[in-house]
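Notes to accompany the following structure.
The values are calculated or read from the model by the stated rules, or taken from the named source; none is laboratory data. Everything numeric here is computed off the predicted structure, so don't read it as measured data. Here Cβ is always computed from backbone atoms with ideal geometry, including for glycine, and neighbour counts include all displayed protein chains. For the accessible areas, the whole protein counts, side chains as well, though only heavy atoms, and no ligand, DNA or RNA atoms are used. Shrake-Rupley method; radii C 1.70, N 1.55, O 1.52, S 1.80 Å.
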Amino acid sequence: MPSMRPTTQSSQLHSSQSPAQSSSGTPSRSRFFLELLIAFLVTKLPFISVPFKWLESYFHELSHGLATLLTGGAVSHIQLFPNGAGLCFSQGGWPLVIGFSGYFGAALWGYLIFTFATWPKGIRFSFGLLGAGVILTTLLWARDLLTISILVSLALLFLMPLKLKLNKYLATSLRIMALMVILNALASPTVLFGLQGQGDANMLAGQSWLPAWFWVLVWLVTSAFMLFLCWRRVDSQADKRKLK
């Protein structure tokens with residue numbers, strides 16, 4: 001079942017940070033908002049934002065594929081396009097779960113990556129694991145040259161920063177990437193409003209008898225919730241540092 005989605009697309013910290021923050025790897029409240037602002041601005045920049053739209057599209061289609069496998073189906077291949085759209089070709093599985101998983105999964109991946117970025121001792125492992133995951137996806141499910149080229153670019157996006165010597169830059173870049181994935185997952189479903197006969201929302205409407213706009217709203221809420229969970233992680237750690 002093809003699913004098509006158009007889109008709008010040990011840590012060393014600064015000496016001004018407390019030992020508690022250094023050991024936790026979680027940014028301060030002000031730093032979180034700064035990184036969120038940077039992530040938002042980058043998603044709006046022409047050309048520079050393109051690889052990060054591919055990143056959200058990759059996690060979207062990967063989530064479709066994993067949901068297919070988890071519900072007993074089989075994935076033939078995926079396709080990614082320069083404008084951030086994507087396709088996942090599959091057979092079998094539970095269409096309702098598969099259709100819902102795309103936007104939800106992309107936002108969830110963003111939160112998981114943000115969580116990885118608060119693990120100072122494992123930050124390089126996190127980059128390597130994500131890069132290896134993209135490479136594995138390329139080997140298993142990429143069939144056309146364009147998709148392979150996009151996936152190779154995404155693999156380099158994760159693997160190239162490993163040349164940086166300081167983990168603090170790795171953690172910051174990974175958190176910003178995670179926030180960009182969530183922001184793109186938050187913005188992408190809005191283009192489905194009023195889109196007739198296309199997209200995951202219309203497919204779910206046919207499967208569930210619930211209107212397409214309902215599913216778009218659910219995706220918006222879940223993506224916003226993932227962003228809130230990132231904030232809660234930062235906020236709760238800041239409270240712990242105060243107690244210390």
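The table below lists the values:
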{"item": "Residue among ASP239, ASP144, ASP200 that alone is in contact with a helix residue (DSSP H, G or I) (Cβ under 9 Å, 6 or more places away or on another chain) and of a type outside the set (Lys, Arg)", "result": "ASP200"}
{"item": "Residues of the range 32-50 satisfying the condition of being out of contact with any helix residue (DSSP H, G or I) (no Cβ under 7 Å at 6 or more places or on another chain) and either surrounded by 14 or more Cβ atoms within 10 Å (Cβ to Cβ) or part of a helix (DSSP H, G or I) (or both)", "result": "PHE33, LEU34, LEU37, LEU41, LYS44, VAL50"}
{"item": "The range 211-223: number of residues that are over 18 Å from LEU183 (Cβ atoms), modelled with pLDDT of 90 or more and open to solvent by less than 70 Å² (accessible area, probe 1.4 Å)", "result": "2"}
{"item": "Residues (of a type in the set (S, T, N, Q) and either in contact with a strand residue (DSSP E or B) (Cβ under 9 Å, 6 or more places away or on another chain) or part of a helix (DSSP H, G or I) (or both)) located in the range 118-174", "result": "SER126, THR137, THR138, THR147, SER149, SER153, ASN167, THR172, SER173"}
{"item": "Members of the range 51-62 that are crowded, with 24+ Cβ neighbours inside 10 Å and either small (Gly, Ala, Ser) or farther than 13 Å from ASN184 by Cβ (or both)", "result": "SER57, GLU61"}
{"item": "Qualifying residue in the range 225-244 (condition: out of contact with any His (no Cβ under 6 Å at 6 or more places or on another chain), outside any helix (DSSP H, G or I) and under 29 Å from LYS121 (Cα atoms))", "result": "yes"}
{"item": "Test set (1) open to solvent by less than 30 Å² (accessible area, probe 1.4 Å); (2) within 20 Å of THR26 (Cβ to Cβ) - ALA142 fails condition number", "result": "(2)"}
